[in-house]
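Enquirer: Before anything else, here's the structure in question.
The values are calculated or read from the model by the stated rules, or taken from the named source; none is laboratory data. Values in this document were obtained by computation on a predicted structure and should not be read as measured data. With ideal geometry, Cβ positions are generated from the backbone for all residues, glycine too; neighbour counts draw on all protein chains shown.
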Amino acid sequence: TNLPIFKMKESRVRRRYSDFEWLRAELERESKVVVPPLPGKALARQLPFRGDDGIFDDSFIEERRQALEQFLNKVAGHPLAQNERCLHMFLQDESVDKNYTPSKIRQA
């Protein structure tokens, strides 16, 4: 990113769908941001006896990745969400501390 509020210009982290659910819930609870919905759960893909690899199917994984990236781009582009510590932690910290203390990020 080139947004000055983020301390790192690039970061790479691994997140599970449940981490995205946590982020969305935190943003709804802590900010005045209207948070976009996440892509739906993949419950049907978890059923047995399917003709594909279910949640491990490459095309499904790529569709889910793109939808989650769109979600993040919308959230990270919102000026109020950019100040939330949970978003910074989600995008830049190695792990998500779900017991963190909510706060606002201040620009230096």
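Enquirer: Can you pull out the residues in the range 9-35 that are surrounded by 15 or more Cβ atoms within 10 Å (Cβ to Cβ), more than 10 Å from the chain's Cα centre (by Cα) and at pLDDT 85 or above?
Expert: E26, L27, V35
Enquirer: Among the listed residues F90, F60, identify the single one that is surrounded by 11 or more Cβ atoms within 10 Å (Cβ to Cβ), without any contact (Cβ under 8 Å) to a residue 40 or more places away in the chain, of a type in the set (F, W, Y) and in a helix (DSSP H, G or I). Break it down into steps so the answer makes sense when it comes.
Expert: Values: F90 fails: without any contact (Cβ under 8 Å) to a residue 40 or more places away in the chain.
Step by step, each of F90, F60 is checked, and only F60 is surrounded by 11 or more Cβ atoms within 10 Å (Cβ to Cβ), without any contact (Cβ under 8 Å) to a residue 40 or more places away in the chain, of a type in the set (F, W, Y) and in a helix (DSSP H, G or I).
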